[in-house]
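The values are calculated or read from the model by the stated rules, or taken from the named source; none is laboratory data. If you're wondering where the values come from, they're calculated on a predicted model, not measured in any experiment. All Cβ positions, even for glycine, are placed from backbone atoms using ideal geometry, and neighbour counts span all protein chains on display.
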Amino acid sequence: MKLLKSAVKIITVLIVMTMILIGTKVYHMLKAATAYSAKMVSSGVFIEGLEQSRVEQMELTAFPFNYVVNKVDKENKTVESSIFGLISQRAVFKNKIGSTLFQNGKTSLEGRIPVDAIANDTLAWPMGNKLSDSIPAGIDITGLNTFINDYFNAESKAVLVVKEGQIITEKYADGITFETPLLGWSMTKTLTAALCGILVKEGKLSLDQLAPIENWKDDERQKITINNLLQMSSGLEWNEDYSKTSLSDVSEMLYLKGDMSTYATLPNAITEPDSEWKYSSGTTNILSGIIRTCFNDYESYYQFPQKALFNKLGMSHSLMETDATGNFVGSSYGYCSARDWARFGLLYLNNGNWLGEQILPEWWVKYSTTPAKSSDGQYGAQIWLNASKQHMPDMPQDVYFFNGYRGQRVTIIPSKNVVVVCLNSSPEDIDYNTYLSKMMSFIE
């Protein structure tokens, strides 16, 4: 009898512990889901200028996001998202700054003083928005426009094609214009890399320097360099799974952590630096935190992207959002209009030179598009490569691209002197090999 009672007690304890474990896991998943919803609705409504219902229809139809209730306060520019009335998260928008998820009861962040974008409507492209009436020879513009129209669907936001430095065609979804900032997701990583390149040119960073991370100084992580982080070959453990049924490192970082850069430094090293390539949004946010250490005050750090990159290129409809500690979310939260993404692509196509000014080191683009040692030709420095033709077998080997979740892509084709911008809200992978190879048939 005593043995039976003991067994019952043990089983009861195990059941309770299992329920607590499951409950905790479910709680964190639902908390992340409400945070994602609050962030997407806030930025979609207040940055992209879309109706709440449209943002929800494009971004939040899958489980469990379709059970989240989002309340938009347009007067105070906040979004409160809750699920089952039990868990809620809040995003706060500020003009020229963007939307921020605040954790642990925080409601504001001081010190983010934006710099005004340059007024460029009267300037000629690419610095401004006055376009040429002519297009380069060898382009079947009628066929190209028909092709783009045929492929443009309910998930398409914008398509833009640049040939020989000129915009030859562009198409936008209803409610979106050439001035609308659009989320690039992981294309933001290349923005962060470019900021690193500018700091390298200024002598404030170097590729071979050890990452200045305090909690790495006494273990094997002390050997990780800036180059290792840029090439995603740091050796750090990281789970980049985007599953909606489990909470991975990337989801926890983006939606449950106020200090994303610090969180990303916590994983242990599981391999030697430069011995394994592993895609990691965490390493990019570590770089964002390192960029901050290059400045003596927060205001200079915060204004750096606008002063050193966006205004230099005439990217007047661009911004990068921060986490709750003020660090740029360099992995994911860059918003640029389609024309601004095209300008950024042109900067790389022109080897970091912009209208005669060398913005990036002269060798930076070559370095960025050289395959990382263990990436099998697929990845450089925060840029995807077609060197091995694994990504797009029907496109040239010299192609490289900025790539983001849900179908964001800026493709640079040096051999054709072409940049193609595609911005979407697609829940499925887009077959860019077929799309771009067919598109190129209209461009000599």
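If I ask for residues that are in contact (Cβ under 8 Å) with a residue 60 or more places away in the chain and assigned to a loop (DSSP other than H, G, I, E, B), which ones from the range 126-145 would you list? The answer is P126, M127, G128, N129, A137, G138, D140.
Rundown of residues vs (1) closer than 20 Å to T322 by Cα; (2) outside any helix (DSSP H, G or I), yes/no style:
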position: S186; (1), (2): yes, no
position: A193; (1), (2): yes, no
position: V200; (1), (2): no, no
position: K204; (1), (2): no, yes
position: L207; (1), (2): no, yes
position: P212; (1), (2): no, yes
position: N227; (1), (2): no, no
position: S233; (1), (2): no, yes
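Within the range 43-70, the set of residues being within 17 Å of Y333 (Cα to Cα), in a loop (DSSP other than H, G, I, E, B) and in contact with a strand residue (DSSP E or B) (Cβ under 8 Å, 6 or more places away or on another chain) comprises I47, E48. Scanning the range 216-250 for residues that are at pLDDT 95 or above and of a type in the set (S, T, N, Q) yields a count of 8. Given the criteria under 21 Å from the mean Cα position of the chain (by Cα) and among the polar types (S, T, N, Q), does T169 qualify? In short, no.
Could you list all residues from the range 214-225 that are surrounded by 20 or more Cβ atoms within 10 Å (Cβ to Cβ) and either part of a loop (DSSP other than H, G, I, E, B) or touching a Cys at 6+ places or on another chain (Cβ under 6 Å) (or both)?
At the first step, the residues of the range 214-225 found to be surrounded by 20 or more Cβ atoms within 10 Å (Cβ to Cβ) are 221, 224.
Once the filter is applied, which keeps residues that are surrounded by 20 or more Cβ atoms within 10 Å (Cβ to Cβ) and either part of a loop (DSSP other than H, G, I, E, B) or touching a Cys at 6+ places or on another chain (Cβ under 6 Å) (or both), the range 214-225 yields only I224.
None of D340, D429 is of a type in the set (D, E) and in contact with a strand residue (DSSP E or B) (Cβ under 7 Å, 6 or more places away or on another chain) except D340.
Of the residues making up the range 80-121, those that are under 15 Å from A33 (Cβ atoms) and assigned to a strand (DSSP E or B) number 10. Scanning the range 335-387 for residues that are in a helix (DSSP H, G or I), charged (D, E, K, R) and surrounded by fewer than 22 Cβ atoms within 10 Å (Cβ to Cβ) yields a single hit, K366.
Restricting the first residue to the range 189-202 and requiring it to be not assigned by TED's automatic domain parsing to the domain that holds G282, which pairs with a second residue that is polar (S, T, N, Q) meet a Cβ separation below 8 Å and a spacing of at least six or different chains? If the second residue must be polar (S, T, N, Q), no pairs are left. Of the listed requirements (1) among the basic types (K, R); (2) surrounded by 15 or more Cβ atoms within 10 Å (Cβ to Cβ); (3) closer than 15 Å to K39 by Cβ, K71 misses just one: (2).
So for the range 316-325 (the condition being assigned to a helix (DSSP H, G or I) and either within 26 Å of Y172 (Cα to Cα) or at pLDDT 95 or above (or both)), does at least one residue qualify? Scanning the range 316-325 turns up no residue that is assigned to a helix (DSSP H, G or I) and either within 26 Å of Y172 (Cα to Cα) or at pLDDT 95 or above (or both).
Considering the range 242-299, the qualifying helices (runs of 4 or more DSSP H), each wholly inside and each with 3 or more residues that are in contact with a helix residue (DSSP H, G or I) (Cβ under 8 Å, 6 or more places away or on another chain), touching a residue at least 12 places away in the same chain (Cβ under 8 Å) and over 23 Å from D218 (Cβ atoms), run over 249-256, 281-292. Every condition in (1) in contact with a Phe, Trp or Tyr (Cβ under 6 Å, 6 or more places away or on another chain); (2) touching a residue at least 40 places away in the same chain (Cβ under 8 Å) holds for W384 except the one numbered (2). Take the conditions (1) under 17 Å from the mean Cα position of the chain (by Cα); (2) farther than 20 Å from F402 by Cβ; Y298 misses just one of them, which is (1). Filtering the range 263-295 to residues that are crowded, with 18+ Cβ neighbours inside 10 Å, among the hydroxyl-bearing types (S, T, Y) and under 18 Å from the mean Cα position of the chain (by Cα) leaves Y263, S280, S281, T283, T284, S288.
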